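One structure is given here, and the rest of the page talks about it.
What follows draws every value from the coordinates through simple rules; no lab data is involved. Bear in mind the structure is a predicted one, so any value in this text is a computation, not a measurement. For neighbour counting, all protein chains shown are included, and Cβ atoms are generated from backbone atoms with ideal geometry for every residue, glycine included.
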Amino acid sequence: MLNWIERRTGFVSITKDFLTEDVPGGASYWYVFGSATLFAMIVQIVTGIFLTFFYAPSAMTAWESTKYIYAHPFQHTVLSIHYWGASAMIALVFLHLLQVVIWGAYKSPREIQWIVGVLLLLVTMVLGLTGYLLPWDMDAYFASQVAINLTLNVPFIGGWIQQFVQDGTTMGTLTINRFFGLHVWLMPAALVALVAAHLTIFRWNGPAGPPVEDPRPLRKGRFWPDQLFMDTVASLLVLIGILALASFWPPFLDAKADPTVQFTPYPAWYFLDLFGLLNLVPGNLEIVGAIIIPGFATTLLLLLPWIDRSTTRVLGSRKFILWLLGISLAIIWWLTIWSQLSIMGKQAATPAPAPPPAAAKVPASTTAAVSPAAKAGQAVYSQNCSSCHGAAGAGMPPNFPPLAGNPFVTGDPNQVILTVLNGKTGAISVNGQTYNGQMPAWKSPLSNSDIANVVTYIRSALGPNHAGAVTTADVAKLKK
């Protein structure tokens, strides 16, 4: 059987060559960071695919679907593994790059391999950033809003980047869909491509081995079974660590995002140093903390193989690079701690949001009591519409217009039905005030009877509205 496969694919000889590869200096636990990172990536891909079966990316359903995941133990466990797996992967990529710098393994002929590794770190952090918004809770909304607004500081193309990632004038369903696409499709594809490139270049160049002064060849060791055993142990320890964190410190789901409430967000730990840097610079110099310093640091990393002019990889010949590394790590560590303390202070000083008043419940009406359709529509409105348009239909500027006392709602019923069916985005003027409409299409989430009932309710029983009812047949006639 193996001979049959070998003659047609060559997989057997490829696997044999891989397993019998010599390891410079012999097998060592110093070599496990790359394989542990690859294992963490596999965990993220598997758990991420599973979570997409339950997550619904829209402003109306993102938080609710996340809450559903939290309410079911198995799904919540997978979410917790995915959450801590992201932190593990970023930490492992960082440690792997740190080891490369200390060993000088970025030097010729491994310059391109180093650049691909730096890009892997950046893509992994973008994955963390785009995933942070998806639960659509208070912390996710406001932390992501800060990140989106920072893109405006990019010279020349900042406005385009901000428009691309936000996908509209304000954050809403389109933003969630854009982040979801980046997090689930584009960034994972880039990550897999970079990992493939990194492994291919690694196979071509071979392992660098530890930096030693002895010019004699290092003793050799086989990848199989010694190094593979150590890689497996390291990956198992990573898995145990992720499972322990997921079990004892599962992620917290805050209240649903509400842009009208004052809130101090807490960013992911791997962005704390950037938040600390932004807090140090004056507001009129935000571009320095948001773009110039991070951009300079990234460029320095990418050009490190050419900046380091030493002729060998031994530590004694690279004192400048090692001192620069130590100072950089001290600054990052200090900014992280200072930023955490600063954010905790701001959160303590921010008043807690007032509890919703008793009137927040959808008000009953005599019409709803008389009309069974309006009464059924009241329940649909309470579940699907009140979080944006308000329990009493008063709306919430600047994105959600009022429905009570809105002449459009009590006007042509066909236009109201079409709006509910197909959604409405862009500028909306109601009673002299302009709103940035972000209403999604409800023709899929709601049945024809639900749409007929809710339109009947908002037209005939919401606030001062007393227009005529609509029927399921009216909805079916307009639904395409």
Worksheet item: What dipole magnitude, in Debye to the nearest 20, does region 11-159 give about its Cα centre under +1 on Lys/Arg Cβ and -1 on Asp/Glu Cβ?
Response: 60 debye
Worksheet, complete the sentence: Other residues with Cβ under 14 Å from the Cβ of LEU478 give, with Lys and Arg +1 and Asp and Glu -1, a net charge of +2
Worksheet item: To the nearest 0.05, how large is the calculated FRET efficiency for SER444 and TRP160 if R₀ is 41 Å and r is the Cβ-Cβ distance?
Response: 0.85
Response to the item:
Taking a ≥ b ≥ c as the square roots of the Cα gyration tensor eigenvalues, with a/c under 1.5 meaning rounded and otherwise prolate when a/b beats b/c or oblate if not, region 391-480 comes out oblate
Discussion item. Restricting everything to alpha-carbon atoms, can you work out Rg to Rh for region 130-215 with a Kirkwood hydrodynamic radius?
Written reply: 1.23
Discussion item. Please state the shape class of region 1-155: rounded when a/c is under 1.5, otherwise prolate if a/b exceeds b/c and oblate if not, all from the C-alpha gyration tensor.
Written reply: oblate
Discussion item. I want the local charge near GLN113. Using Cβ-Cβ distances under 11 Å, sum +1 for each Lys or Arg and -1 for each Asp or Glu among the other residues.
Written reply: +2
Practice prompt. Taking 7 Å along the Cα-to-C-beta vector as the label spot, tell me the PHE229-LYS346 distance in nanometres, rounded to one decimal.
Written response: 5.2 nm
Worksheet, complete the sentence: Magnitude of the Cβ-charge dipole (Lys and Arg +1, Asp and Glu -1) of the chain about the Cα centre, nearest 20 debye, reported as 540 debye
Worksheet, complete the sentence: Of the residues ALA268, GLN340, THR200, the Cα lying farthest along the dipole of the chain towards its positive end, which is defined by charges on the beta carbon of Lys, Arg, Asp and Glu, belongs to THR200
Worksheet item: Is the shape of region 153-194 best called rounded, prolate or oblate, per the rule: a/c under 1.5 gives rounded, else a/b larger than b/c gives prolate, else oblate, with a ≥ b ≥ c the square roots of the Cα gyration tensor eigenvalues?
Response: oblate
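Expressed in nm to one decimal, what extension gain is obtained for the pair PHE248 and TRP4 from 0.36 nm per residue of sequence separation less their Cα-Cα distance?
Length difference between fully extended and current span is 82.9 nm.
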Fill in: Estimated 222 nm signal from helices in the chain, with DSSP H stretches of n ≥ 4 weighted -39500 (n - 2.57), rounded to 500
-18500 deg cm²/dmol
Worksheet item: For the chain, how many pairs of lysine residues have a Cα-Cα distance under 28 Å, where the two are 8 or more positions apart or belong to different chains?
Response: 29
Worksheet item: For ALA56 and GLN415, FRET efficiency with R0 = 25 Å and r from the beta-carbon atoms, rounded to 0.05?
Response: 0.35
